[in-house]
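Peer 1: This is the structure, below, for whatever I ask next.
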Amino acid sequence: MVTNITNFGRSGLSDWLIQRFSAVILALYTLFIVAYLLLNPGLDYATWSGLFAQTWMRIFSLLAFVSIAAHAWIGLWTVTTDYLKPTGIRLAVQSAIILAIFVFLVWGIQILWGA
Amino acid sequence: MADGRALPQNHRPLGLCPKHRAGQESVYRAVNSKRPVNLDISTIKLPLPALTSITHRITGIILFIGLIFAFWALDKSLSSPAGFYAVQDALANSLLAKLVAWGLLSALAFHFVAGIKHLLMDLNIGVTLESGVRKAQITVVVSAVLVILAGVWVW
């Protein structure tokens with residue numbers, strides 16, 4: 001058996017489950033945001049920033065951002081291991097992806113709690 | 001098994017449903033076959049489920065890159081009233097912003113629908129060859145409708 005050292009959960013089954021769980025979270029978040037924007041056509045700043053000032057919305061959003069991080073890593077890890085065969089190139093691309101995911105996560109936290 | 005051979009002890013079939021046993025046996029035989037394998041993808045006619053699978057991957061990559069625009073818009077819109085109206089103005093008047101928004105919504109729509117298909121197949125719904133093709137067709141049609149609706153929404 002090949003031991004994975006770059007995938008998210010170190011086991012295919014764990015990755016599989018996390019990918020499904022994060023997918024459901026992201027599907028719910030997508031439906032919520034799209035429905036909210038469709039139901040509030042004349043949206044103004046006070047209403048919009050008021051939504052993101054709610055604790056439950058910040059929890060829901062952070063959950064979605066963490067889900068994006070896990071989901072994107074498992075998905076892009078799968079794609080890069082499938083198509084990038086030279087180890088050096090694959091590790092370089094995967095490192096860049098991890099860095100980008102980290103930046104997005106910190107950026108997301110700052111959007112929710114910063115300023 | 002049909003030919004009397006037993007599967008190795010460590011090869012546990014994924015499902016317990018008897019009607020899927022035949023399919024698993026054929027997969028097992030294909031994986032362990034000694035026949036030559038053609039790996040030149042340009043000479044293989046890809047069936048619709050293969051095309052939707054690849055599109056699922058491509059839209060996933062597009063969405064990851066598109067996070068830059070989504071996070072930028074969210075950041076800007078929550079930073080101040082001026083930032084909020086700058087994002088609103090861009091989405092209302094800038095052709096480039098509209099194209100980016102439509103492109104990302106379209107990628108999201110396809111990725112969403114194809115993902116629901118995945119979750120259904122995980123629940124053992126529609127895992128035969130015929131229903132696989134049928135669900136790929138439904139994925140294309142439903143996401144095409146959503147792509148058009150996204151365009152209507154943006155414009």
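The values are calculated or read from the model by the stated rules, or taken from the named source; none is laboratory data. Nothing here was measured: the structure is a model prediction, and the numbers come from that model. Counting neighbours? That spans all protein chains shown, and the Cβs are built from the backbone with ideal geometry, glycine included. SASA here: full protein model, heavy atoms, side chains in, ligands and nucleic acids out. Shrake-Rupley method; radii C 1.70, N 1.55, O 1.52, S 1.80 Å.
Peer 1: In segment B:70-100, which residue that is of a type outside the set (A, V, I, L, M) and open to solvent by less than 30 Å² (accessible area, probe 1.4 Å) is nearest to the other protein chains (Cβ to nearest Cβ)?
Peer 2: B:84
Peer 1: Follow-up question, since we're still on this one. Under 9 Å by Cβ, and 6 or more places apart or on different chains, what pairs join a residue from segment B:110-129 that is without any contact (Cβ under 8 Å) to a residue 40 or more places away in the chain with one that is loosely packed, with under 15 Cβ neighbours inside 10 Å and among the aromatic types (Phe, Trp, Tyr)?
Peer 2: That search, which allows pairs on different chains as well, returns B:122/A:16.
Peer 1: Assess whether residue A:60 counts as being exposed (fewer than 12 other Cβ atoms within 10 Å of the Cβ), more than 9 Å from every other protein chain (Cβ to nearest Cβ), among the aromatic types (Phe, Trp, Tyr) and part of a helix (DSSP H, G or I).
Peer 2: It is false that residue A:60 is exposed (fewer than 12 other Cβ atoms within 10 Å of the Cβ), more than 9 Å from every other protein chain (Cβ to nearest Cβ), among the aromatic types (Phe, Trp, Tyr) and part of a helix (DSSP H, G or I).
Peer 1: From the list B:113, B:142, which one is among the β-branched types (Val, Ile, Thr), closer than 22 Å to residue A:35 by Cβ and away from every other protein chain (no Cβ under 12 Å)?
Peer 2: It is B:142.
Peer 1: For segment A:34-57, indicate whether the set of residues that are of a type in the set (Phe, Trp, Tyr), in contact (Cβ under 8 Å) with a residue 60 or more places away in the chain and more than 27 Å from residue B:106 (Cβ to Cβ) is non-empty.
Peer 2: Within segment A:34-57 (the criterion being of a type in the set (Phe, Trp, Tyr), in contact (Cβ under 8 Å) with a residue 60 or more places away in the chain and more than 27 Å from residue B:106 (Cβ to Cβ)), the answer is no, since none of the residues qualifies.
Peer 1: Could you tell me whether segment B:97-106 includes any residue that is in contact with a Leu (Cβ under 9 Å, 6 or more places away or on another chain) and β-branched (Val, Ile, Thr)?
Peer 2: Our first condition is that a residue be in contact with a Leu (Cβ under 9 Å, 6 or more places away or on another chain); within segment B:97-106, this holds for B:97-98, B:101, B:104-106.
Imposing the further condition that a residue be β-branched (Val, Ile, Thr) reduces the set to none.
For segment B:97-106, residues in contact with a Leu (Cβ under 9 Å, 6 or more places away or on another chain) and β-branched (Val, Ile, Thr): absent.
Peer 1: Here's a follow-up. Residues that are open to solvent by 40 Å² or more (accessible area, probe 1.4 Å), modelled with pLDDT of 95 or more, among the polar types (S, T, N, Q) and on the phi < 0 side of the Ramachandran plot: does segment B:54-69 have at least one?
Peer 2: yes
Peer 1: Within the group A:16, A:48, which residue is assigned to a helix (DSSP H, G or I) and open to solvent by less than 70 Å² (accessible area, probe 1.4 Å)?
Peer 2: A:48
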